[in-house]
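Shown next, in structure tokens, is the structure this report addresses.
The values are calculated or read from the model by the stated rules, or taken from the named source; none is laboratory data. What you are looking at is a predicted structure, and each value in this text was computed from that prediction instead of being measured. Heads up, the Cβs are rebuilt from the backbone with ideal geometry, glycines too, and the neighbour counts pull from every protein chain shown.
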Amino acid sequence: MEWWHILIIVLLIVLIALVVLYFVGTKMAKKQEAQKAQMEAMKQVVSMLVIDKKKMRLKDAGLPDIVMNEVPKYMRRAKMCFVKAKIGPRIMTLIADTNVFEAIPTKKEVKVVISGIYITEIKSVRGGSIITPPKKKKFFDRFKKKNNDTTNTKKEKKK
């Protein structure tokens, strides 16, 4: 076999993989849109007292078997954001969105939007304001700041 035969075979395999990924991606996007519409229909505002929040596996959270069976198998091993909260007289374990999880204060009363057992957003915090977590610095931003600091000190030394 010549080198261009191998090149054509590799290009065909890459092309087939891209076509498959395109169709799988569109199918997943349609599923996600349907799930978002369903969550929007089920959302309700609830006031709750946050007892504890942790990132743990689904098995360790103590959720009912019905919930365990509904979750896809690949997500069962992944760590998820869980919030233990008192809603009325009941203590419940809820799953939080990752953005919401970091902003939820513990040991405080919070008004949140819930869709089933999923916390989608925070409306208000009693006795304070919603604290947004600081954004993480990007990899290159750290070097830019260091380079600017070192160049400024070098210029000062030259004077």
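Six or more apart or on different chains, Cβ under 8 Å: which pairs go from a residue in region 21-46 that's closer than 30 Å to residue 125 by Cα to one that's aromatic (Phe, Trp, Tyr) and surrounded by 10 or more Cβ atoms within 10 Å (Cβ to Cβ)? Could you list them? Filtered contacts from region 21-46: 39/118. Consider residue 61 carefully, then state whether it is at pLDDT below 90, farther than 22 Å from residue 124 by Cβ and of a type outside the set (Asp, Glu). Spelling it out, residue 61 is indeed at pLDDT below 90, farther than 22 Å from residue 124 by Cβ and of a type outside the set (Asp, Glu).
All conditions in (1) out of contact with any Ser or Thr (no Cβ under 8 Å at 6 or more places or on another chain); (2) among the hydrophobic types (A, V, I, L, M, F, W, C); (3) assigned to a loop (DSSP other than H, G, I, E, B) hold for residue 130, with the sole exception of (1).
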